[in-house]
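J.: Here it is: the structure, laid out below.
The values are calculated or read from the model by the stated rules, or taken from the named source; none is laboratory data. Source: prediction; values computed, not measured. Cβ sites come from the backbone with ideal geometry, for glycine too, and all protein chains shown count toward neighbours. These area figures cover heavy atoms from the full protein model, side chains too; ligands, DNA and RNA do not enter into them. Shrake-Rupley method; radii C 1.70, N 1.55, O 1.52, S 1.80 Å.
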Amino acid sequence: MRIGEDKIKIAGVDWSTDWYFNSEPYVDPLVKDAEENDFVILVSHTPDLAEELTTDKVDLVLSGHTHGGQITFFGLWAPYVPSYYGQKYRTGIVKTDKTMALVSNGVGNTFLPIRFFARPQINIIILDHP
């Protein structure tokens, strides 16, 4: 997408090539043509991919998978978070050495049809150009 001279590149990995399930993220080919001033958004089912990026071209990773912990103690800690990095990717904005990730609680749940202090959410992102 181009707005004037500025470009936004949106790329994504599908469930079958997602790092958490396959350990082979195919991200580099998706962003190889991104230029230094491009804003690159990567959509990944699981947020763990943000931790393992080998490129610094990705500005924002959008993901879910953890459902905010789904069952938490007052929204502060979850006994189980389906991430190799545990609580770090439970919910919210997480900064890594290479990028920033937004982990949404989403609106669904896993095999347990219950949420406790992990409210469903739909995130609205506003990109503002200085």
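J.: How much of the accessible area of the chain, probe 1.4 Å, is carbon plus sulfur, in whole percent?
T.: After summing per-atom areas, the C and S share lands at 59 percent.
J.: Among 38-50, 62-74, what's the highest-first ranking by average C-beta atoms within 10 angstrom per residue?
T.: Per-residue Cβ counts within 10 Å, averaged per peptide and sorted highest first, yield 38-50, 62-74.
J.: Okay, moving on. Could you give the dipole magnitude of the chain about its Cα centre, charging the beta-carbon of Lys and Arg +1 and that of Asp and Glu -1, in debye to the nearest 20?
T.: 720
J.: Might you tell me the accessible area per residue for the chain, computed with a 1.4 Å probe and given in Å²?
T.: 63
J.: Let me ask you something else. If I ignore ligands, DNA and RNA and count only protein heavy atoms, how much of K95 is accessible to a 1.4 Å probe, in Å² to the nearest 10?
T.: Here the residue's solvent-accessible area equals roughly 150 Å².
J.: Moving on to the next point. State which entries of K9/K88; K7/K57; K7/K98 exceed 18 angstrom in Cα-Cα distance in the structure shown.
T.: Where the Cα-Cα span goes over 18 Å, the pairs concerned are K9/K88; K7/K98.
J.: Under the rule of -39500 (n - 2.57) per DSSP H run of 4 or more residues, summed and divided by the residues of the chain, what mean residue ellipticity at 222 nm is obtained, to the nearest 500 deg cm²/dmol?
T.: Value at 222 nm, helices only, nearest 500: -1500 deg cm²/dmol.
J.: Next up: Apply 1/(1 + (r/R0)^6) to the Cβ-Cβ distance of F111 and W77, taking R0 = 22 Å, and write down the FRET efficiency to the nearest 0.05.
T.: Here the calculated transfer efficiency is 0.55.
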